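The values are calculated or read from the model by the stated rules, or taken from the named source; none is laboratory data. Everything numeric here is computed off the predicted structure, so don't read it as measured data. Positions of Cβ are backbone-derived with ideal geometry, glycine not excepted, and every protein chain shown enters the neighbour counts. Just the protein is used for accessible areas: all its heavy atoms, side chains included, with ligands, DNA and RNA removed. Shrake-Rupley method; radii C 1.70, N 1.55, O 1.52, S 1.80 Å.
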Amino acid sequence: MPISVTAPSQRVPVLPLTQETFAPFGTVVENPNPTTLPPRSSNQTAASLGTQPPPSPIPVVVANQGTALKYLDVTLQTDLYGKAPSGKPSRAIMTMFVCAPRNLRPDPSSPEVSTEKATSIEGLFDVSILERHPFTQQTFVPMGLSAEDPDTRYLVLVAPTLPVAQGDAKTASYPTPCPPQKSGWGLKSLFSRSPAEAEKTGSAGKGPGLPDLANIKAFVATGAQAVTYAAGTWHAPMVVLGKRSVDFVVTQFANSVGDEDCQEVEIQPETPNGALAVVVPKHEITQTTALARAKL
Ligand SMILES: NC(=O)NC(O)C(=O)O
């Protein structure tokens, strides 16, 4: 039976999904430099690279006889099952989630769509459940989408983990790896992708605490972005927006021990009319935000 937690009524705005904003929760997997093509590209407008890889925040090498750029360690595959109480070994698994678009609730505070002041909000998504995989990262790779497709986007909803007092009854039963030591964390280590550095950040597990609902974050992802939830990161089940289902290839580790693979909390509203609701803007609004960001 999942644990139930009460959430105060709250409206959560969506943020564009970037490496920087998502760093405390995992990684965004995307082409780090879409305007740079491989050296032996037939596209004449591409920057000429010769045999040297371009400067990049993510290590990159030229591969495939000069016809490819290979970015290294675009996300870490974290297996912490060695610390699981059952001792049952894990295996790397790949699954496919075929996700239907979610229904959004109309925003009661928006003006009528027929008036001149048409609303910029598509609707509200009520968060009713969060889950985490304490011993593994989980990577969702959308298939067959384009970054510009107005009919498909998806939401990535994540929450930090609350610290726990020893003996906290609600979380005591949850098997989790030890929380990482925070000393020595800095911006550099947060953005580093080397396994040693990752041990100091979220990839070493987040500890047994419940989700910090006051600090839940909502990101809107495009079809050109995949997302990795770091081990132990509280997140909502996938929320596809738009008109069509989206297929995601999902990679992670698992050992088939129920609460070592997945733990859930149900979110109850504090009052009958209150809800933890993500405010979903219309597609044009998020596109404009992304464009403005690209021009900075
Ligand atoms: N994220 C999501 O949609 N689902 C899961 O994490 C799962 O393992 O079921």
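Of all residues in the range 54-81, those being aliphatic (A, V, I, L, M), open to solvent by 40 Å² or more (accessible area, probe 1.4 Å) and free of Cβ contacts under 8 Å to residues at least 24 places away in the same chain number 2. Just one of the listed residues (THR228, THR222, THR289) is modelled with pLDDT under 95 and closer than 25 Å to ASP73 by Cα, namely THR222.
Checking each residue in the range 123-138 for being more than 10 Å from the ligand (Cβ to nearest atom) and within 17 Å of TYR81 (Cα to Cα) picks out PRO134, PHE135, GLN137. All conditions in (1) surrounded by 10 or more Cβ atoms within 10 Å (Cβ to Cβ); (2) at pLDDT 90 or above; (3) under 28 Å from ASP212 (Cβ atoms) hold for PRO2, with the sole exception of (2). Within the range 221-246, residues that are closer than 19 Å to PRO32 by Cα have Cβ atoms under 7 Å from residues that are in a loop (DSSP other than H, G, I, E, B) and within 13 Å of the ligand (Cβ to nearest atom) in these pairs: THR228/GLN137; TYR229/PHE25; TYR229/GLN137, counting only partners at least 6 apart in sequence or on another chain. PRO89 - would you say it is without any contact (Cβ under 8 Å) to a residue 40 or more places away in the chain and farther than 20 Å from ARG11 by Cβ? In short, no.
In the range 253-266, which residue that is within 13 Å of the ligand (Cβ to nearest atom), open to solvent by 20 Å² or more (accessible area, probe 1.4 Å) and in contact (Cβ under 8 Å) with a residue 60 or more places away in the chain is nearest to LYS217 (Cα to Cα)? Here the answer is GLU264.
Residues that are away from the ligand (no atom under 12 Å from the Cβ) and buried (at least 19 other Cβ atoms within 10 Å of the Cβ) within the range 233-244 comprise just one, LEU241.
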